[in-house]
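Asks: Below: one structure in structure tokens.
The values are calculated or read from the model by the stated rules, or taken from the named source; none is laboratory data. Because the structure is a prediction, the values reported are computed rather than measured. Reconstructed Cβ throughout: ideal geometry from the backbone, glycine too, with neighbour counts over all protein chains shown.
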Amino acid sequence: MFGYEFMQEAFIASTFIAITAGIVGVFVVSRNMSFLSHTLSEIGFAGAAFGILVGISPLAGMIIFTLVSSIAVGSLSTESSRREASISAISSLFIGLGILFLSLSSESSSYATNILFGSIVGISAKEVHQLLILALFVIVIFIICYKPLAFDSFDHIGARASGLNTRLLSVIFLITLALSVSIGAQIVGSLLVFVLLTLPGATARYLVHSVPKLLMVSVGLSLAGVWLGLYLAFVTNWPVTFFISAFEVIAYFLGLSYKNWKLSH
Amino acid sequence: MIEVKNLTKKFGKQVVFKDVNFKIENGEFVSLVGRNGAGKTTLVKILMGLEKKTSGDVIIDHKQKIGYVPQFRNIDLDYPLNIEQFIRLNLKWTMSPKQRAEDTRVVNKILKETNLIDLKDRALGLASGGEKQKAYLAQALVNMPGVLILDESTASLDVDVKIQLMDLVQELNEKSKLTVIFITHDSELTKRYTKRALLFENKTVRPMSVDEISEDMFE
């Protein structure tokens, strides 16, 4: 399958996206932000549609929308219960806006399908470069902030007590989350980017008990899903997104059963 | 030594406390007592630099590190890290193999001191209340503080577990000359473990001997 240039490009781009999503996912789950990441993907859909409408790339539109809204949500309220209500209000508005932008732009509906369900196999070399740069940027931020971010994500109260600037960490994390949603949406689509950003991280929690191991397992599951998805899509001509989500969901339930089995023994 | 001179804290117009003066010597074990909302936690936050003072001075010699064990923690049953990894969260990141070896030595020493060495691989979410408190204590100690602040750390524990934890803190206080500040509503523990108390009352702080303490100061 690597004989085709488009498959090579799809493979390189998805590898980097999977690594990024696997890392970010561990922190999304431990910071209880699965719900926010889901909403950000809906906001990303509106951003991509807006990009098409005004004539910039859908990826750029997505990044602008998710960045602005993740920072807005982060500063809106730190209390999670209030945050959840305001997040769902915002997300409904953005889905509506996305539909409006798409109908105003005269593009064909295949564009909408690409945004919602992903289009990795049709990716161009230029787009691959953009995704690689963004993914590397996110990975570098995580390497720099690894220790304080891990402390804040796995023990927020303890991190605050030890004098860490948890507010700054939260902003940094939201920026990386917004970028990860935007790039992740390029393979699995904004409707299912949630799958890559939360499931591998959530599954890892059932299997291992240290931050470095959680990162390794999460990245591993994310890579396995994406590679397997690309291969099976190539062979069967079914959508990549289907295989990725099926793999990650099955892995999640196997992880959950393993944990329950271990608890009962 | 910690010295507080004419310290005042207001939230807007509301005075939490004013003109507070006291000293805590190195290696002392003191309690902070007083009703809820009297300003104990606010004072501690000012000592740690997490809250701004309105006026006055706080002098902490040699810039001693302060370890703080907060009152509440949100660790649920699904919490994924084991006890050792939870303690390690408070370590600084390092590439140096020498520092890594030193960190491991310190972590093992603290795991032994807090009687957690055999439980280090247990998921913190599945640990008992007493084991969790010990893990919180151990995490604060991993940073090698000169001052340890316990904020109601015994409040939710059974009596025998409370005693175990306090015996442990007392041992650390005596053996390693660790200064301990114990915020509590428990007059029994105050009298049993500390020699001196700082009473928060009428918007100020009064140092007293623990013999003067009565139940009504906590209600």
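Asks: Any idea which of (1) loosely packed, with under 13 Cβ neighbours inside 10 Å; (2) at the interface with another protein chain (Cβ under 9 Å from one of its Cβ atoms) is the one B:ASN36 doesn't satisfy?
Replies: Of everything listed in (1) loosely packed, with under 13 Cβ neighbours inside 10 Å; (2) at the interface with another protein chain (Cβ under 9 Å from one of its Cβ atoms), B:ASN36 misses just condition (2).
Asks: Mind telling me which of the residues B:VAL16, B:VAL44, B:VAL30 ends up being over 18 Å from A:ASP152 (Cα atoms), surrounded by 18 or more Cβ atoms within 10 Å (Cβ to Cβ) and within 14 Å of chain A (Cβ to nearest Cβ)?
Replies: Going through B:VAL16, B:VAL44, B:VAL30 in turn, the sole match is B:VAL44.
Asks: Being in contact with a Phe, Trp or Tyr (Cβ under 6 Å, 6 or more places away or on another chain), touching a residue at least 24 places away in the same chain (Cβ under 8 Å) and not assigned by TED's automatic domain parsing to the domain that holds B:GLU174 narrows it down to one of B:LEU91, B:LEU77, B:LEU124, so name that one.
Replies: Working: B:LEU91 fails: in contact with a Phe, Trp or Tyr (Cβ under 6 Å, 6 or more places away or on another chain); B:LEU77 fails: in contact with a Phe, Trp or Tyr (Cβ under 6 Å, 6 or more places away or on another chain).
From the options B:LEU91, B:LEU77, B:LEU124, the qualifying one is B:LEU124.
Asks: So, one more: Which of the numbered conditions does B:ALA38 fail, given that it passes all the others? Conditions: (1) at pLDDT 90 or above; (2) over 18 Å from A:PHE151 (Cα atoms).
Replies: (1)
Asks: Of all residues being buried (at least 24 other Cβ atoms within 10 Å of the Cβ) and of a type in the set (Ser, Thr, Tyr) in the range A:14-36, which is modelled with the highest pLDDT? Just the residue, please.
Replies: By that ranking, first place goes to A:THR20.
Asks: Next up: Checking the condition at pLDDT below 95 and buried (at least 23 other Cβ atoms within 10 Å of the Cβ), which residue from A:THR198, A:THR236 passes?
Replies: Values: A:THR236 fails: buried (at least 23 other Cβ atoms within 10 Å of the Cβ).
It is A:THR198.
Asks: Among B:LYS98, B:LYS112, which is part of a helix (DSSP H, G or I), more than 8 Å from chain A (Cβ to nearest Cβ) and either surrounded by 13 or more Cβ atoms within 10 Å (Cβ to Cβ) or under 20 Å from the mean Cα position of the chain (by Cα) (or both)? Before the answer, list the steps.
Replies: Values: B:LYS98 fails: either surrounded by 13 or more Cβ atoms within 10 Å (Cβ to Cβ) or under 20 Å from the mean Cα position of the chain (by Cα) (or both).
None of the others qualify; the one that does is B:LYS112.
Asks: Just checking, which of A:ALA178, A:ALA159 is within 14 Å of chain B (Cβ to nearest Cβ), buried (at least 18 other Cβ atoms within 10 Å of the Cβ) and either under 13 Å from the mean Cα position of the chain (by Cα) or assigned to a helix (DSSP H, G or I) (or both)? Walk me through it before giving the result.
Replies: Values: A:ALA178 fails: within 14 Å of chain B (Cβ to nearest Cβ).
Going through A:ALA178, A:ALA159 in turn, just one is within 14 Å of chain B (Cβ to nearest Cβ), buried (at least 18 other Cβ atoms within 10 Å of the Cβ) and either under 13 Å from the mean Cα position of the chain (by Cα) or assigned to a helix (DSSP H, G or I) (or both): A:ALA159.
Listed here are the residues, each with its yes/no results for (1) within 14 Å of another protein chain (Cβ to nearest Cβ); (2) part of a helix (DSSP H, G or I); (3) touching a Gly at 6+ places or on another chain (Cβ under 7 Å).
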| position | (1), (2), (3) |
| --- | --- |
| A:VAL219 | no, yes, yes |
| A:TYR231 | no, yes, no |
| A:PHE247 | no, yes, yes |
| A:TYR252 | yes, yes, no |
| A:LEU256 | yes, yes, no |
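Asks: If I filter the range A:100-113 down to residues being part of a helix (DSSP H, G or I) and surrounded by fewer than 18 Cβ atoms within 10 Å (Cβ to Cβ), which single residue comes out as modelled with the highest pLDDT? Don't jump to the end; show me each part of the working.
Replies: Of the range A:100-113, the ones part of a helix (DSSP H, G or I) are A:100-104, A:109-113.
From the residues that got through so far, the ones that are surrounded by fewer than 18 Cβ atoms within 10 Å (Cβ to Cβ) too are A:100, A:103-104, A:109-111, A:113.
On the way: A:LEU100: 90, A:SER103: 85, A:LEU104: 87, A:SER109: 66, A:SER110: 70, A:TYR111: 70, A:THR113: 74.
The selected residue is A:LEU100.
Asks: Can you go through B:GLY130, B:GLY125, B:GLY67 and tell me which one is within 14 Å of chain A (Cβ to nearest Cβ), under 22 Å from B:GLN170 (Cα atoms) and not in a loop (DSSP other than H, G, I, E, B)?
Replies: B:GLY67
Asks: So B:MET208 fits all but one of (1) at negative phi; (2) in contact (Cβ under 8 Å) with a residue 24 or more places away in the chain; what number is the exception?
Replies: Only one criterion in (1) at negative phi; (2) in contact (Cβ under 8 Å) with a residue 24 or more places away in the chain is unmet by B:MET208, namely (2).
Asks: Keeping to the range B:47-64, report how many residues are within 16 Å of B:PHE200 (Cβ to Cβ), surrounded by 16 or more Cβ atoms within 10 Å (Cβ to Cβ) and within 13 Å of chain A (Cβ to nearest Cβ).
Replies: So the count comes out to 1.
Asks: Is one or more of the residues making up the range B:160-170 outside any helix (DSSP H, G or I), on the phi < 0 side of the Ramachandran plot and either away from chain A (no Cβ under 14 Å) or over 14 Å from the mean Cα position of the chain (by Cα) (or both)?
Replies: Filtering the range B:160-170 for residues outside any helix (DSSP H, G or I) gives none.
Scanning the range B:160-170 turns up no residue that is outside any helix (DSSP H, G or I), on the phi < 0 side of the Ramachandran plot and either away from chain A (no Cβ under 14 Å) or over 14 Å from the mean Cα position of the chain (by Cα) (or both).
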